[in-house]
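Report on one structure; see the data block that follows.
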Amino acid sequence: MEYISLLFQVVVAVSVLIVWVFRYHNVITEFQQFGYSEVFRNFVGASKIATSTLMLTGICYEELTPYAAISMAAFMFAAQLSHIRVKNQLIQRTPSLVFLLMSLFITLFHYGII
């Protein structure tokens, strides 16, 4: 279970970093579709990049991991709500749903629940 949690930690963090750094044009389109402002988009982006960095730092400093995972889960839950609000299809909601579930797994594992 520890290795699964660690794998999820790396996958979520690196994936979010890739999206917000290298696929930013997709983020711009999504946030426009959601009707959110550029300031809000930039705040979310900076926060997700910081949270991803904390998740990666949590590899060496485990006490950071559950806080970063809870934060990431909150972002992914908000993404789910945004996708549902604009009636996106399941295929468009799948990445944030998978990252939400992975972040919850990481959190539950680090608190000894699973």
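The values are calculated or read from the model by the stated rules, or taken from the named source; none is laboratory data. Model, not experiment: these values are computed from the prediction. Virtual Cβ from ideal backbone geometry, glycine too; neighbours counted across all protein chains shown. To get the accessible areas, we keep the full protein, side chains included, count just its heavy atoms, and leave off ligands, DNA and RNA. Shrake-Rupley method; radii C 1.70, N 1.55, O 1.52, S 1.80 Å.
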Review point. If we scan the range 91-102, do we find a residue that is small (Gly, Ala, Ser) and more than 10 Å from the chain's Cα centre (by Cα)?
Key: no
Study note, to complete from the structure: Screening Ala74, Ala78 for residues that are assigned to a helix (DSSP H, G or I), under 9 Å from the mean Cα position of the chain (by Cα), free of Cβ contacts under 8 Å to residues at least 24 places away in the same chain and over 13 Å from Ala13 (Cα atoms) leaves only Ala74
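Just the residues that are open to solvent by 20 Å² or more (accessible area, probe 1.4 Å), more than 16 Å from Ala74 (Cα to Cα), part of a helix (DSSP H, G or I) and of a type outside the set (Asp, Glu), please, taken from the range 32-52. Walk me through how you get there before you give the answer.
First, pick out the residues of the range 32-52 that are open to solvent by 20 Å² or more (accessible area, probe 1.4 Å): 32-33, 35-43, 46-50.
Going one step further and asking which of them are more than 16 Å from Ala74 (Cα to Cα), we end up with 32-33, 35-39, 42.
Okay, now just the ones that are also part of a helix (DSSP H, G or I), so 32-33, 38-39, 42.
Once the filter is applied, which keeps residues that are open to solvent by 20 Å² or more (accessible area, probe 1.4 Å), more than 16 Å from Ala74 (Cα to Cα), part of a helix (DSSP H, G or I) and of a type outside the set (Asp, Glu), the range 32-52 yields Gln32, Gln33, Val39, Asn42.
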Review point. Here are some conditions: (1) modelled with pLDDT of 95 or more; (2) farther than 28 Å from Tyr111 by Cα. Gln80 meets all but one. Which one does it not meet?
Key: (2)
Check your understanding: For the range 3-26, how many residues are closer than 19 Å to Ala73 by Cβ and in contact with a helix residue (DSSP H, G or I) (Cβ under 8 Å, 6 or more places away or on another chain)?
Key -> 14
Check your understanding: Is it the case that the range 15-23 has a residue that's hydroxyl-bearing (Ser, Thr, Tyr) and in a helix (DSSP H, G or I)?
Key -> yes
Point to revise | Residues of the range 53-65 satisfying the condition of being farther than 13 Å from Thr107 by Cβ, touching a residue at least 40 places away in the same chain (Cβ under 8 Å) and in a helix (DSSP H, G or I) | key: Thr53, Leu56
Practice item. Take the range 83-102 and flag every residue that is loosely packed, with under 10 Cβ neighbours inside 10 Å and assigned to a helix (DSSP H, G or I). Key: Leu90, Ile91
**Study point:** Yes/no for Tyr67 being surrounded by fewer than 18 Cβ atoms within 10 Å (Cβ to Cβ), under 16 Å from Ala13 (Cβ atoms), at pLDDT 95 or above and of a type in the set (Ser, Thr, Tyr)
**Key:** yes
